[in-house]
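*Asks:* The structure is given below, and queries will be raised subsequently.
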Ligand SMILES: [Zn+2]
Ligand SMILES: [Zn+2]
C-alpha cells in the first residue's frame, strides 16, 4: 500500500513540478531563439509534422496486402486507396499549401513582430491540461462548423464536399480540404491557445498533437495503440468513429471526442455502419 501511495505521490509531484520542463525550455531558448521567435515557426512546425506523421500510414497503404499483419487492422479492408487517389490528395494538399498557407505565412512573417519567449517553462500538468483544453475547445467549434456544413446544402457543396470524395479515408485525405475549411481550422488552431492563455511550449505541443490526432482520425486503421483505445469509456472517437462519418455523413460530426455527438443524437458506432451494408 505504501508503495502505491509513494508511486502516486511521485507522479503528482512530477506533474506539478514547475522545473521539470525548464532544462528543455532553456535549451530550446538558448540554441534556437531566432527560429522559435519567428511568426513562421508554428507554420513550419505544423506543415512538417503533417508530412512526417502521414508517412508511416502512407507506407502501410502502399504496402497493402504485402503487410498482412498491418492490414488486419484496416477498418475497411476491401477499400484501399489507389495510386491515383493518393496523387489527387497530394495535389490538393500542395495546391492549398502553395496558394493559401504560403501567402498567409509570408504575410505573417512580414507584418507580425517576433514573439517574446518567456523565461519560465510551464509545469507538466499545465502543458497536459493546456493540450487537452485546446483539443476540447476545437472539438466543440468544429462540431458546430461541421454540422452546419452538412445541414446547409450550399455550404456543403461549396466548401465541404471535396473532403467526402472518399468514403474509406486514408492519412493523406486529412488535408484533402477546400481552402475555406483549411483556413478555418488554421484560424482556430492559432486562436485557441491565445484564448486559453497557453505557454508557447504548450501551444506548439497542442499543434503537433492536433496534427497527429487529425491524421489518425483519417488513417483508415484501428491499431491497438489508437487514441480511442488508450482513452477508456468511449470518451474519444478516433479512427473508427470518423471512418463512420465518411461512410454515413449525417453522423459523427465531432472530430475527436464522442460527447457532442452523443448529446445531440448524431453518434453512430462502427457496428451500426457495418450492419447497414
Ligand atoms: Zn474526414
Ligand atoms: Zn463531413
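The values are calculated or read from the model by the stated rules, or taken from the named source; none is laboratory data. These numbers were taken from a predicted model, which means no experiment stands behind them. Positions of Cβ are backbone-derived with ideal geometry, glycine not excepted, and every protein chain shown enters the neighbour counts.
*Asks:* Considering each of 228, 214 in turn, give the residue that is free of Cβ contacts under 8 Å to residues at least 60 places away in the same chain, more than 16 Å from ligand 2 (Cβ to nearest atom) and part of a helix (DSSP H, G or I).
*Replies:* That would be 228, the only listed residue that is free of Cβ contacts under 8 Å to residues at least 60 places away in the same chain, more than 16 Å from ligand 2 (Cβ to nearest atom) and part of a helix (DSSP H, G or I).
*Asks:* Could I ask something else about it? State whether one or more residues within the range 114-127 are surrounded by fewer than 17 Cβ atoms within 10 Å (Cβ to Cβ), at pLDDT below 90 and in a helix (DSSP H, G or I).
*Replies:* Among the residues of the range 114-127, not one is surrounded by fewer than 17 Cβ atoms within 10 Å (Cβ to Cβ), at pLDDT below 90 and in a helix (DSSP H, G or I), which makes the answer no.
*Asks:* Which one is surrounded by the fewest Cβ atoms within 10 Å (Cβ to Cβ), of the residues in the range 254-265 that are part of a loop (DSSP other than H, G, I, E, B) and away from ligand 2 (no atom under 13 Å from the Cβ)?
*Replies:* At the first step, the residues of the range 254-265 found to be part of a loop (DSSP other than H, G, I, E, B) are 254-256, 258, 264-265.
Going one step further and asking which of them are away from ligand 2 (no atom under 13 Å from the Cβ), we end up with 256, 258, 264-265.
Working: 256: 25, 258: 21, 264: 13, 265: 7.
Within the range 254-265, the match that is surrounded by the fewest Cβ atoms within 10 Å (Cβ to Cβ) is 265.
*Asks:* Would you mind telling me which numbered condition in (1) touching a helix residue (DSSP H, G or I) at 6+ places or on another chain (Cβ under 7 Å); (2) away from ligand 2 (no atom under 16 Å from the Cβ); (3) within 22 Å of residue 55 (Cα to Cα) residue 239 fails?
*Replies:* Unmet for residue 239, out of (1) touching a helix residue (DSSP H, G or I) at 6+ places or on another chain (Cβ under 7 Å); (2) away from ligand 2 (no atom under 16 Å from the Cβ); (3) within 22 Å of residue 55 (Cα to Cα): (2).
*Asks:* Within the bounds of the range 132-148, is there any residue that is outside any helix (DSSP H, G or I) and within 30 Å of residue 264 (Cβ to Cβ)?
*Replies:* If we filter the range 132-148 for residues that are outside any helix (DSSP H, G or I), which is where we start, we get none.
No - not one qualifying residue is present in the range 132-148.
Condition check ((1) within 19 Å of residue 217 (Cβ to Cβ); (2) free of Cβ contacts under 8 Å to residues at least 24 places away in the same chain; (3) within 12 Å of ligand 2 (Cβ to nearest atom)) across all residues:
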{"position": "117", "(1), (2), (3)": "no, no, no"}
{"position": "120", "(1), (2), (3)": "no, no, no"}
{"position": "138", "(1), (2), (3)": "yes, no, no"}
{"position": "150", "(1), (2), (3)": "yes, no, yes"}
{"position": "154", "(1), (2), (3)": "no, yes, no"}
{"position": "160", "(1), (2), (3)": "yes, yes, yes"}
{"position": "164", "(1), (2), (3)": "yes, no, yes"}
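*Asks:* Could you grab me the full set of residues in the range 166-181 that are surrounded by 14 or more Cβ atoms within 10 Å (Cβ to Cβ) and either away from ligand 1 (no atom under 13 Å from the Cβ) or not in a helix (DSSP H, G or I) (or both)?
*Replies:* Step one: list which residues in the range 166-181 are surrounded by 14 or more Cβ atoms within 10 Å (Cβ to Cβ), which gives 166, 168-181.
Answer for the range 166-181, where residues must be surrounded by 14 or more Cβ atoms within 10 Å (Cβ to Cβ) and either away from ligand 1 (no atom under 13 Å from the Cβ) or not in a helix (DSSP H, G or I) (or both): 166, 168, 169, 170, 174, 175, 176, 177, 178, 179, 180.
*Asks:* Go over the candidates 251, 184 one by one and state the one that is closer than 16 Å to residue 143 by Cα and part of a helix (DSSP H, G or I). Spell out the reasoning first.
*Replies:* Values: 251 fails: part of a helix (DSSP H, G or I).
Step by step, each of 251, 184 is checked, and only 184 is closer than 16 Å to residue 143 by Cα and part of a helix (DSSP H, G or I).
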